[in-house]
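For reference, the structure is listed below as structure tokens.
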Amino acid sequence: MKLIFAIVSNDDSSKVSKELTKSKFSVTKLATTGGFLMAGNTTFIIGTDDDKVEEVIDIIGKYSKKRTQMVPSSASYGVGMYTSFPVEVQVGGATVFVMNVERFEKL
């Protein structure tokens, strides 16, 4: 048995959730916030059999798209002098953790 934590952009959350549910996976969704851009994410918690892990990861990967986004940044030009300019960063995709489960009960 495996426990999968998948952190997905809110932009992709609905489609990922729909496809996992359609494929008969039980999914718990948590609203989370990323540390770098402070952007909204969804963390999925999925318990599944060992032989279904790749199927879950394939679904998450298929519906979690990477994209670029402009974010404000600042640079220092001496004492008390700052300027702000946009920087292009890559966002989206998914971060997936797979862990062993010793015991699983659905009560």
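Summed over region 29-60, residues that are assigned to a helix (DSSP H, G or I) and either among the basic types (K, R) or modelled with pLDDT under 95 (or both) total 1. The condition of being closer than 14 Å to G93 by Cα and open to solvent by less than 70 Å² (accessible area, probe 1.4 Å) holds for only one of T32, T48, T42, that being T42. If you go through region 8-22 and keep only what is surrounded by 13 or more Cβ atoms within 10 Å (Cβ to Cβ) and closer than 13 Å to V56 by Cβ, you end up with V8, V16, S17, E19, L20.
The values are calculated or read from the model by the stated rules, or taken from the named source; none is laboratory data. Quick caveat: nothing in here was measured; it's all calculated off a predicted structure. All Cβ positions, even for glycine, are placed from backbone atoms using ideal geometry, and neighbour counts span all protein chains on display. Surface accessibility is based on the protein's heavy atoms, side chains included, excluding ligands, DNA and RNA. Shrake-Rupley method; radii C 1.70, N 1.55, O 1.52, S 1.80 Å.
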